[in-house]
Every structure is written in structure tokens, then in C-alpha cells.
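Quick notes on the structure that follows.
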Amino acid sequence: MGRILTAEETLDPGFLPGKLVRRERETQALLRRYREALGRGVAAHHLLTGGVGSGKTALAQRIGEELQRGGKLASLPVHKIYVNCWRRANDRTILQYLLRGVGVSLPDRGYSLSEMLDVLEQGIRRSPRHLLVVLDEVGALVRQETKIIYLLTRAPEVELGSISLVLVAPEDVLPYLDAPSRSSFGVTHRMQLAPYTEEDLAAILAYRAGLALAPGSFSDEVLAQIAGIAAANGDARFALELLGGAARAAEHDGALAIAPEHVRASKGSLYPTLTESKIEGLGTHPLLVLLAVARSLRGPKSTTTTEVARQAYARAAEERGERPVSRVSFWRTARELEREGLLVVEPGERGRSARLRIDEVPASFLETVLNERLAGRRAGKG
Ligand SMILES: Nc1ncnc2c1ncn2[C@@H]1O[C@H](COP(=O)(O)OP(=O)(O)OP(=O)(O)O)[C@@H](O)[C@H]1O
Ligand SMILES: [Mg+2]
């Protein structure tokens, strides 16, 4: 057990958090719909879509857990079966998996799909219940003319219970389905998850850091820094990876708390080559501007003001016998570096001056790389 990562396993991709921060509305809406249908003894089917790390898998799993734990509906319990179709991408392997889910097994060969389905029904007969089947990453499956979705949505609704589906995919997969299956997912049976906003990510990080990390080992400032980086894609997975990486970097340093520098190190370790190739193409003054910002970020600072960075730039230029460019050119260069993804410019609000930040790599590492590059360039010139 680390000093900071006291419950590292809670950051594993397979860990299902007890609640989904900022997805309360979606969770409740889906639960209500499934409860309402199963309460009448009939199946319900939903398609859940959204970008990478938008919480699709977590939401589908959460709903399954809640329904399973929530007691009987129409006098039958609910049983969740989660299948990742990406790894078992054909009808037979998925049906085998469902069979195991209801406690029966069949030899792999020699049975048709409908025979297998009969055996599934026998399995359910032994212990009647509603099945909630989550087919995650279903895109791979629907692209190969699957029959399983049709067969499951047409499963008889009898005293044995019902078979409900949650289909999960990054994008709409209904166009790939046959018309009868498609009709089971009418307009009201689709939910598209919006990407998380920076605020959402900060709230998610606060909750998950509270589970995974030692108290006092993280600040709102570093969580906001991570949320800012991951907000570009609204991706909670990336945010949590950054958090884990930053915590490990801090432990590696022997620190008791995560500092902005560790967040930069974490991001840098996820994208190191990208940065080097970008730096390759920069002229002397952009290199000096970047160096100045990196220097201004020494110590426990996550951002610096443009004024502090500009003064650092002037000194760095003088050290190398270069004439510093004007204030306007400095600003333009900072903007260009931002477009390259090497700098982040936070606009100044309410009369405060703009601030600069480096998220791509640890500032100290960047300083080393930039110094080497500038030295090389001078040698080449002389
Ligand atoms: N609202 C939330 N609250 C707490 N943790 C969350 C929330 N949303 C997502 N997470 C966590 O973020 C990570 C990514 O979420 P998840 O795997 O559900 O995304 P996804 O949409 O399925 O992504 P992919 O398209 O890559 O499969 C998981 O570790 C999950 O537990
Ligand atoms: Mg997923």
C-alpha cells in the first residue's frame, strides 16, 4: 500500500463506483423505465451511447446492480448479465456466456442458436427471474449481421420472467439492426450521454480521489488542473488515469501530496513522443517563450502570469545573446504555442491578467529538453 494511493484498486477500470456523480438524472431515468416495465412483467430495451469515458459502461453496470439489489418486480427477482461483445463478438459465444450466466452449460458445438435459446429458457425455468442483459461494445457485434439481438428481444414474456437488453456503444447502432429489433428501441428508448464538462470532471475526481487516495494527499487545485486537461474530450477515464499517474509520480518523489508538477509528469508519460516532435519544429523565440514559462512554473505552481513569463523570457533571451521580441510578439507566440498544444492560455477574467500553464509534460523535463535544443541550435549557428 502506497502512502498516497491507499486504495489503488478503486482506480482500476473494472471497479464499479458506488455512485455516479453528475449522472444522477440519467441513472434515475433509466431505473424508472426498467422498474416500470419489469413491474408489469414485460421487457424493456435501451440503447446507451456516448463518447469515450462518458460513463456508459459504469452507468449500464450501475443500473444492473441497482435493479438486482432492489428486490422483486412483478414477484420475480432481477438478474444482471454483463457481456463485453468486443471480446466475444459472435452470437454463439455471447449465448454461451448467457447460458453460464443462468447456470447451465452446453458443449460448444452441435447446437443451433434457437436450440441454445431453448436451453437458456430451461435455465431460467429452474429459477424464474427477469434477465437484464448488458451488451457492451455492441458495435462489433451488430456489424456482423447478428441474430442474437432479434432473438432476445423476441423472447417470450411468460411467467418465467422477461429478458431486457441494454445495448452500449459509442454511436448509434440501430441502423445496423433489422427492422423488428430496431422497433424495440423506439425514440424514447435511447439515451445519449453528453461529454463531461470540466466541472463534472472535477466533481468526479473529488469523489474518486476520496476513495483511492490518502486524506490530505490531493488539493482542489490539482484536481482542477486534471479536470482542465481531460475536459478537452470530456473523458472521465483519462481524468482518472491522470490522477493515478500523478499519485504514482508523487509517491515516486517521496512526496506526501500530489503537486502540479506530478500532474504534468503524468500527462507527459501518457504523451511523451508527441511533445518532442512538436518541439522539433519550433524556432528560437518560441523555444525561449516555452522555456520561460517552464521556468516560471518551478516549485508548487500550476499557472503563471503572462507578465512573470515575459520577464523570464527577456532574461532567457539575453542569456543567449538574442534580442527579446516585443510584448505583442510575445503574446502572439504564446497563442501559437497554445495552438500546438504546448501551452494553455487561461484568459484573465474581471480585469485580472491572463495566466499560462503547461499541461503536456512536467515543466522540469521540458526545461531540460529546451535547454538541450537551444544549446544545439547555438552550436549549429556558430
Ligand atoms: N459519473 C461518474 N462518477 C464516478 N466515476 C465515473 C463516472 N463516470 C465515469 N466514471 C469512471 O470513469 C471511467 C470511465 O467510465 P466508463 O468506462 O463507464 O466510460 P465509457 O463511456 O464506457 O468509455 P468507453 O467508450 O471507453 O468504453 C470508469 O473508471 C468509471 O468508473
Ligand atoms: Mg465502456
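Would you mind checking the tilt of helix 91-101 against the longest principal axis of the Cα atoms of the chain, expressed as 0 to 90 degrees and rounded to 10? Long axis of 91-101 versus the principal axis of the chain: about 80 degrees.
Amide H to amide H, with H built 1.01 Å from N, Lys80 comes under 5 Å of Leu132, counting only residues 5 or more places away or on other chains.
The aspartates and glutamates whose alpha-carbon is closer than 13 Å to the alpha-carbon of Lys72, local same-chain residues fewer than 8 away aside, are Glu36. When DSSP beta bridges are limited to those with both residues in the chain, what percentage is antiparallel, rounded to the nearest 5? Counting only bridges with both partners in the chain, antiparallel ones make up about 25 percent.
Post the alpha-carbon centroid distance, region 62-100 to region 307-382, in whole angstrom. Computed from Cα coordinates, the inter-centre distance equals 54 Å. Considering only Thr368, Thr57, Thr27, give the residue with the highest GNM mean-square fluctuation for the chain, with springs between Cα atoms whenever their separation is below 10 Å. Evaluated over the chain, the most mobile residue of the options is Thr368.
Among the trypsin sites (Lys or Arg not before Pro) found in region 127-204, those both in a DSSP coil and sparsely packed, with 14 or fewer other Cβ atoms within 10 Å of their Cβ, are Arg143, Lys147, Arg154.
Quick one: helix 24-39 against the long Cα principal axis of the chain, what's the angle to the nearest 10°, folded into 0 to 90? Taking the Cα atoms of the chain, the angle to 24-39 is about 10 degrees. Annotation for region 310-356: GluC sites (Glu not before Pro) lying in DSSP loop with at most 11 further Cβ atoms inside 10 Å of their Cβ are Glu349.
For Lys19, a cut-off of 15 angstrom between C-alpha atoms picks up these aspartates and glutamates, skipping any fewer than 8 places away in its own chain: Glu65, Glu66, Asp200.
Among Pro362, Pro195, Pro300, the residue with the largest mean-square fluctuation in a Gaussian network model of the chain, with springs joining Cα atoms closer than 10 Å, is Pro300.
For the chain, what is the mean residue ellipticity at 222 nm derived from helices alone (per DSSP H run of n ≥ 4: -39500 (n - 2.57); sum divided by total residues; nearest 500 deg cm²/dmol)? Helix contribution divided over all residues of the chain: -15500 deg cm²/dmol. Per-residue extension of 0.36 nm, minus the Cα-Cα distance of Arg327 and Leu211, leaves a gain of 37.2 nm for this segment.
The gain in end-to-end length when the Arg35 to Glu318 segment is fully stretched comes to 94.8 nm, 0.36 nm per residue minus the alpha carbon separation. Highest GNM mean-square fluctuation among Ser54, Ser302, Ser114, for the chain modelled with Cα contacts below 10 Å: Ser114. Cβ-to-Cβ counts within 10 Å put Leu67, Leu290, Leu282 in ascending order as Leu282, Leu67, Leu290, the fewest first.
Rule-based calculations on the coordinates, nothing more; no lab input. Please read all numbers here as calculations on a predicted model, not as lab measurements. Cβ sites come from the backbone with ideal geometry, for glycine too, and all protein chains shown count toward neighbours.
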